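Down below is the structure, laid out as structure tokens.
The values are calculated or read from the model by the stated rules, or taken from the named source; none is laboratory data. Small disclaimer: the values here were computed from a predicted structure and weren't measured. Note that each Cβ is placed from the backbone with ideal geometry, even for glycine, and that neighbours are counted across all protein chains shown. Accessible surface areas use protein heavy atoms only, side chains included; no ligands, DNA or RNA. Shrake-Rupley method; radii C 1.70, N 1.55, O 1.52, S 1.80 Å.
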Amino acid sequence: MNVHTRPKPNGTPPARSVHPGSGRRKTRETPKGRQVDPQALDEVRALLADRPRRADLLIEHLHLIQDKYGCLHARHLVALANEMRLALVEVYEVASFYAHFDIVMEEEPAPPPLTVRVCDSLTCAMMGAERLLAELTAKLEPNIRVVRAPCMGGCHNAPVTAIGHALHEHATVASVTQAVAAGETHPHIPAYPDFERYRAEGGYRLLATCLDGTRSAEDVIKPLEDSNLRGLGGAGFPTGRKWRFVRAEPAPRLMAVNADEGEPGTFKDRHYLETDPHRFLEGMLIGAWAVEASDVYIYLRDEYPQCREILLSEIPKLESAGLSRGTKIHLRRGAGAYICGEESAMLESIEGKRGLPRHKPPFPSQVGLFGRPTLINNVETLWWVRDIVEKGSESFAAHGRNGRKGLRTFSVSGRIKSPGVKLAPAGITVRELIDEYCGGMADGHTFKGYLPGGASGGILPASMADIPLDFGTLEPHGCFIGSAAVIVLSDKDDMREVALNLLRFFEDESCGQCTPCRIGTEKAVHLMEQPRWDETLLDELTKVMTDASICGLGQAAMNPVKMVLKHFGKDLTKR
């Protein structure tokens, strides 16, 4: 019998466990836990090479393994944990959190070498994504894995697939099959103004005047305040005021750029990164200079590999030119998690953790990345900095309609003739946007409703198409503009299915940290799949999720349900 005794009063340690009758201490031939495979350790070390083994680089190192071997074998995760001096559970919990990582245990077969992802978010679903998914599955599997995936930022070119890491838009079974056969699995890099061209056209002159002391931080922050430029990732906090708040915090300070626009219907940041990346980079470095940030971290969604290639090519050029002196630029790669578009979840991910939103306060401007005061802006906000400071706040504020000021970049998709990125006056109505910028409704479609701010921004009927689109104008109607992702719906769209599509997205993307969101989204989907909606129970669920969820995902997830119940009751009684 094993001997287990309490410590004796005089402090003598208890007797150790012994084998029955042996009198010898029971020992292990190997240490506890999973053992490190020497070959796997050599493979991981070869991939990491001379890269630092810091914990905040865990996701970057997981990407190296996934890219090399097509998945994350358990033996490599054990080796990585050993090499990074992390608990194995830390590595597993991070790897299992992100959708683009595939963990393969010892007894499991590896996935096929190629994965085709089919976007099933709202606009792609409207354009036939479900049928495309079924037909590709039947045609390509089992040699090629076909899976559904959330928004890839190609809503204006729906339906969209990703073949390996290559975005394939206006997808058909024939075009995808042909691309697969041709081995088109690497991202296509669009033509864009590179560093030399941007600088030859006057780029980085503003930054140079900041670096050489010609301009002061006040000379930059004041025009931003006067222009009323706001955070264009969705929250809408005044940009100049945010810069001033962070600058007032004690050093050292950091900066983080949110380039993780995962809201279904949103693709404007992708547009700016593909067409004028250095205007964004100049605005970013001016922001880092203004708040004296020693490091700036660009968090880019993994669905934009072409943008990553652009930044990997161009950032070293401006560093070599001495334009980032005093600030080190870090490019971090997301791994397929919508929740990381929430600013504090993004910070957690940059730190190499699961993207779980933080409780506030304290706010990131006070306690942000690595516990330091952190300036957070999105791509489009920073893209505007140069224009506003060089041309003056009046040039930006001179635009606008219906009593609003400034310009907004709208990502417009759905039942219109000309979808895409539309730069229009703030305060424009959706009716004006459709008629003046989008060529009108698509042939054979009658305007029925619209999403003014992506999946979480709510849904309004065509009878409410004359509300100015801007911050503060849609809230009285239960909606908000967010990132200005406008999805136009027609008489051909079933509003039950529209709302269900959006709730399935939120169910899949909930980080699971808080019960109201984790359980609430699942329960909502179950209720909405029934032939008849239980409106009383859905209303109670909405109140709980809105009031008790930690972050905006759970708080806004039920907006589509509320709006469909309020404005599209006829769609609910068709069955």
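Working out 0.36 nm times the residue gap between I189 and E107, then minus their Cα-Cα distance, what length gain in nm do you get to one decimal?
25.6 nm
Could you compute how fast the range 384-462 diffuses translationally, taking Rh as the Kirkwood radius over C-alpha pairs and applying Stokes-Einstein at 25 °C with viscosity 0.890 mPa s? Give it in µm² per second.
D, rounded to a whole number, is 178 µm²/s.
Looking at the square roots a ≥ b ≥ c of the eigenvalues of the Cα gyration tensor of the range 73-158, which shape do they give, rounded for a/c under 1.5, prolate if a/b is larger than b/c, or oblate?
It is oblate, given that a/c is not under 1.5 and a/b is not larger than b/c.
Give me the accessible area per residue for the chain, probe 1.4 Å, as a whole number in Å².
Heavy-atom SASA per residue in the chain reads 43 Å².
Using only alpha-carbon positions, what ratio does the radius of gyration of the range 502-541 give when scaled by 2.2 N^0.38 Å?
So the Cα radius of gyration is 1.13 times the expected 2.2 N^0.38 Å.
For the range 412-530, what is the per residue volume of the convex hull drawn over the alpha-carbon atoms, in cubic angstrom?
Per residue, the Cα convex hull of the range 412-530 comes to 114 Å³.
Quick one: helix 239-248 against the long Cα principal axis of the chain, what's the angle to the nearest 10°, folded into 0 to 90?
Once rounded, the angle reads 40 degrees.
Got a sec? Charge dipole of the chain, +1 on Cβ for Lys and Arg, -1 for Asp and Glu; which of G154, S227, G336 is way out at the positive end?
The residue sitting farthest along the positive end of the dipole is G336.
Can you give the Rg to Rh ratio for the range 218-264, taking only C-alpha atoms and Rh from Kirkwood?
With Rh from the inverse mean 1/r over Cα pairs, Rg/Rh is 1.02.
Any idea what Rg and Dmax come out to for the chain if you just take the C-alpha atoms, in Å?
Reported Rg and Dmax, both Å: 26.0, 92.
Could you go through the range 203-218 in sequence order and give the Karplus-derived ³J(HN,Hα) for each residue, using 6.51 cos²θ - 1.76 cosθ + 1.60 with θ = phi - 60°, rounded to whole Hz, and x for Gly and Pro?
Per residue, the Karplus-derived 3J(HN,Hα) values read x, 6, 5, 4, 4, 4, 5, 6, 5, 8, x, 5, 10, 9, 4, 5 Hz.
Give me the lysines in straight-line cross-link reach of K317: C-alpha distance below 18 Å, same-chain residues under 8 apart excluded.
K328
Within the chain, what percent of beta bridges assigned by DSSP are antiparallel, to the nearest 5?
Bridges in the chain that DSSP calls antiparallel: roughly 40 percent.
Which value in Å is the Kirkwood Rh of the range 336-419 over different Cα pairs?
After inverting the pairwise mean of 1/r, the radius is 15.8 Å.
How much mean residue ellipticity at 222 nm does the chain get from its helices, if each DSSP H run of length 4 or more adds -39500 (n - 2.57) and you divide by all residues, to the nearest 500 deg cm²/dmol?
So the helix-based figure for the chain works out to -11500 deg cm²/dmol.
Pairwise over distinct Cα atoms, reciprocal of the mean inverse distance: report the Kirkwood radius of the range 463-575 in Å, one decimal place.
Kirkwood hydrodynamic radius for the range 463-575: 14.8 Å.
Place a point 7 Å from the Cα of T275 along the Cα-to-Cβ direction; which residues of the range 391-413 have their backbone N under 19 Å from it?
396, 399-400, 406-413
Which whole number in µm²/s is D for the range 332-473 by Stokes-Einstein, with the Kirkwood Rh taken over Cα pairs at 25 °C and 0.890 mPa s?
The Stokes-Einstein estimate is 138 µm²/s.
Give the cross-link partners of K242 among the lysines, using a straight C-alpha distance below 20 Å as the criterion and excluding same-chain residues fewer than 8 apart.
Straight-distance partners of K242: K222, K360, K405.
If a paramagnetic tag sat 7 Å from the Cα of V173 along the Cα-Cβ line, which residues of the range 122-140 would have the backbone N under 19 Å from that point?
Of the residues in the range 122-140, 125-140 have backbone N under 19 Å from the label point off V173.
Roughly how many whole Å is it from the C-alpha centroid of the range 376-416 to that of the range 473-512?
Between the Cα centres of the range 376-416 and the range 473-512 lies a distance of 23 Å.
Count charges around L356 for me, please; just the other residues with Cβ under 14 Å from its Cβ, Lys/Arg as +1, Asp/Glu as -1.
-2
Describe numerically, in nm with one decimal, the distance between label points set 7 Å from Cα along Cα→Cβ at A138 and at L572.
3.6
I need to check one value: relative contact order of the range 460-575, counting alpha carbon pairs closer than 8 Å and at least 6 residues apart, in percent.
Relative contact order comes out at 28 percent.
Checking the cross-link filter: which lysines have an alpha carbon closer than 28 Å to that of K570, excluding same-chain neighbours under 8 positions apart?
Hits, sequence-local ones excluded: K417, K448, K492, K523, K543, K562.
The range 54-84 to the range 209-288: how many Å between their Cα centroids?
Centre-to-centre distance over Cα atoms comes out at 33 Å.
Pop the C-beta distance of K222 and A181 into the FRET formula with R0 = 56 Å and round what comes out to the nearest 0.05.
E between K222 and A181, to the nearest 0.05, is 0.45.
For a quick check: with amide H placed at 1.01 Å from N, whose amide H comes under 5 Å from R408's, ignoring anything fewer than 5 positions away on the same chain?
When sequence neighbours closer than 5 places are left aside, the close amide H contacts are A424, A426.
Starting from one equal scatterer on each C-alpha and no solvent at all, send me the Debye-based log10 I(q)/I(0) for the range 115-255 at q = 0.09, 0.12, 0.19 Å⁻¹, two decimals.
-0.53, -0.74, -1.01
For the chain, what % of the accessible area comes from carbon and sulfur atoms, probe 1.4 Å?
Result for the chain: 51 percent of the exposed heavy-atom area is carbon or sulfur.
Please list, in chain and number order, the residues 5+ apart from L72 or on another chain whose amide H is under 5 Å from its amide H, with Hs placed from the backbone.
Answer set, sorted by chain and number: D102, I103, V104.
Once fully extended, how much extra length lies between A87 and R197, figured as 0.36 nm per residue of separation less the alpha-carbon to alpha-carbon distance?
34.8 nm is the gain from fully extending A87 to R197.
Could you state, as a whole-number percent, how many of the C-alpha pairs of the range 472-525 are farther apart than 13 Å?
Cα-Cα pairs in the range 472-525 separated by more than 13 Å: 69 percent.
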